[in-house]
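In what follows, a structure is listed as structure tokens, so that the remarks can point back to it.
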Amino acid sequence: MSRRLVIFGAGGHAKVVVDAIVQQGDSVAGVFDGDAGRHGQEWFGYTVLGGLDAMIDFAASEGVDAVVVAIGDNRIRSMMGARIAERGLRFDSVVHPRAVVSPSARIGAGCVVMAGAVINADAVIGEHAIINTCASVDHDCWVAEGAHIGPGARLCGGVKVGRRVLFGAGAVAIPGFSVGDDAIVPAGGVVRGDVPARTSHPDKIRSSQSNEGE
């Protein structure tokens, strides 16, 4: 059955979320954003109807199925998810039809899985996480709430990614290592050891441009 979803966020990331929603056969019932300057403006074929309070009223009166927080910034997305949950609204995941998700994987509420992404057996994806275009999350990985696995990134088996981690485009984590909460793995980096929280710890992340013999 087709769902009617509300989007909070009207930036570039939200455009890809809207595409995924439409591609999976659902509809966007309304678009809202925290920036008052966008209210009433046209965006990607929709009118931005207001902010958080307007979205709460809209959801109650229009009987929408769920909310998706379509904000790329991990900290802001997580914060808005918590605020919206406090107001009693529910979240749902969005999985592009050209993503591949194992039946044994678990996808949390509010997650977005983009086109070409692969999530393999027994992987766990936390709430409000983003698995971006053509990223892969292999068997037994654990991606915590609010994390973002960037386009083309690769998590090998058993990798653990903490809350609000930004795992950059094209980066790779070899099997079994972990990345702590709020850490940043730069684009093209290779995680070759556990990365502490709130850091990009250069001695644990090798640039993909460096030579193996260095």
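The values are calculated or read from the model by the stated rules, or taken from the named source; none is laboratory data. Remember, predicted model here, so these are calculated numbers, not experimental data. Here the Cβ is made from the backbone with ideal geometry for all residues, glycine too, and neighbour counts use every protein chain on show. These area figures cover heavy atoms from the full protein model, side chains too; ligands, DNA and RNA do not enter into them. Shrake-Rupley method; radii C 1.70, N 1.55, O 1.52, S 1.80 Å.
Can you pull out every residue in region 67-96 that is in a loop (DSSP other than H, G, I, E, B) and open to solvent by less than 50 Å² (accessible area, probe 1.4 Å)? Of everything in region 67-96, those that are in a loop (DSSP other than H, G, I, E, B) and open to solvent by less than 50 Å² (accessible area, probe 1.4 Å) turn out to be Ala70, Ile71, Gly72, Leu89, Asp92, Ser93, His96. Taking residues in region 37-66 that are in a strand (DSSP E or B), and partners anywhere that are at pLDDT 95 or above and acidic (Asp, Glu), the pairs with Cβ atoms closer than 7 Å and at least 6 places apart or on different chains are Val48/Asp33. Scanning region 122-131 for residues that are open to solvent by less than 50 Å² (accessible area, probe 1.4 Å), touching a residue at least 40 places away in the same chain (Cβ under 8 Å) and not aliphatic (A, V, I, L, M) returns a single hit, His128. A search for C-beta distances below 6 Å between a residue of region 1-23 that is surrounded by fewer than 22 Cβ atoms within 10 Å (Cβ to Cβ) and any residue that is among the polar types (S, T, N, Q), counting only pairs 6+ apart in sequence or on different chains, returns Arg4/Ser27.
When region 24-55 is limited to residues that are in contact with a strand residue (DSSP E or B) (Cβ under 7 Å, 6 or more places away or on another chain) and hydroxyl-bearing (Ser, Thr, Tyr), the one that is surrounded by the most Cβ atoms within 10 Å (Cβ to Cβ) turns out to be Tyr46. Applying the condition of being among the aliphatic types (A, V, I, L, M) and over 23 Å from Gly12 (Cβ atoms) to region 120-136 and asking which residue is nearest to the chain's Cα centre (by Cα) yields Val124.
Residues in region 117-138 that are within 20 Å of Ile71 (Cα to Cα) and part of a loop (DSSP other than H, G, I, E, B): Ala117, Gly126, Glu127, His128, Ala129, Asn132, Thr133, Cys134, Ala135. Consider Ala20 carefully, then state whether it is under 21 Å from Arg164 (Cβ atoms) and of a type in the set (A, V, I, L, M). Here the answer is no, as Ala20 does not meet what is asked. The residues of region 172-184 that are under 19 Å from Asp140 (Cβ atoms) and crowded, with 17+ Cβ neighbours inside 10 Å, listed by number, are Val172, Ala173, Phe177, Ser178, Val179, Gly180. Screening Val190 against (1) touching a residue at least 60 places away in the same chain (Cβ under 8 Å); (2) hydrophobic (A, V, I, L, M, F, W, C); (3) outside any loop (DSSP other than H, G, I, E, B) leaves a single unmet condition, (1). Screening region 139-163 for residues that are in a loop (DSSP other than H, G, I, E, B), surrounded by fewer than 24 Cβ atoms within 10 Å (Cβ to Cβ) and not small (Gly, Ala, Ser) and picking the one that is nearest to the chain's Cα centre (by Cα) gives Glu145.
Just to be sure before I move on: is Ser104 open to solvent by 20 Å² or more (accessible area, probe 1.4 Å), free of Cβ contacts under 8 Å to residues at least 12 places away in the same chain and not aliphatic (A, V, I, L, M) in the structure I sent? Criteria not met by Ser104. The set of residues in region 1-36 that are among the polar types (S, T, N, Q) and part of a helix (DSSP H, G or I) contains only Gln23. Considering Ala59, Ala99, the condition of being within 30 Å of Ala36 (Cβ to Cβ) and open to solvent by less than 20 Å² (accessible area, probe 1.4 Å) is satisfied by Ala59 alone.
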